[in-house]
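Read through the structure below, which is laid out as structure tokens, and then see the notes.
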Amino acid sequence: MFNQFLFEDSYRFEWIHLIGIPIGIMVALGFIKYGWRWIRNIIDITADDYLSPQSRYYKKAVRQAQEYLNSFLHHVNKGEKECFAKFPLEVAPEHIERVWAIVHYFDEQKQQFNVSVITETTDVEIASGRKFISPEQLEDWQVLKGERILGFYTYLARIKKAKSEGFRLNYKSKQIAESIIQ
């Protein structure tokens with residue numbers, strides 16, 4: 001019972017305890033007040049709904065993708081296997097989803113891309129099978145070159161939006177961003 005209220009005889013009082021404990025408490029309180037804001041400032045921009053198609057960032061990304069469409073067409077015509085296109089797909093009346101599709105080839109006569117949708121959509125029947133889409137319908141494109149990505153302008157737009165809002169990217173988003181070749 002003695003040791004519950006008083007120190008043992010072997011305990012030696014140190015003055016550092018009078019200084020160290022309050023400093024530790026102040027650091028902990030400072031972290032609670034300011035540190036959580038810093039941690040919460042990290043964002044995952046990989047969610048599809050982070051950037052709306054009506055935002056100025058998205059519209060600028062679509063313009064960039066259209067501007068460099070010849071580069072994408074060059075890779076598709078070379079027969080590269082990992083070419084992808086993003087375009088709006090009407091899955092129900094008045095309901096449009098933006099989907100990614102693998103590009104098989106570009107039909108010179110029809111002036112259209114032959115694609116297969118790879119994004120999960122609400123209506124699987126409409127999205128299944130091959131489709132032809134015109135180059136004007138493309139909102140984004142990407143070509144995978146090993147660990148590097150060409151294009152992917154909507155993702156770059158997400159990064160710009162996040163940084164303009166004062167957010168920092170999470171680890172996964174940073175990895176993707178570092179693999180994009182501009």
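The values are calculated or read from the model by the stated rules, or taken from the named source; none is laboratory data. Fair warning: this is a prediction, and the values are worked out from it, not measured in the lab. Every residue, glycine among them, receives a Cβ derived from its backbone with ideal geometry; neighbour counts consider all protein chains shown.
Points worth noting:
- Residue identified as out of contact with any strand residue (DSSP E or B) (no Cβ under 6 Å at 6 or more places or on another chain), free of Cβ contacts under 8 Å to residues at least 24 places away in the same chain and either among the hydroxyl-bearing types (Ser, Thr, Tyr) or under 24 Å from Ile133 (Cα atoms) (or both) among Gln64, Gln54: Gln54
- Test: residue in segment 121-144 that is crowded, with 17+ Cβ neighbours inside 10 Å, modelled with pLDDT of 90 or more and among the aromatic types (Phe, Trp, Tyr): yes
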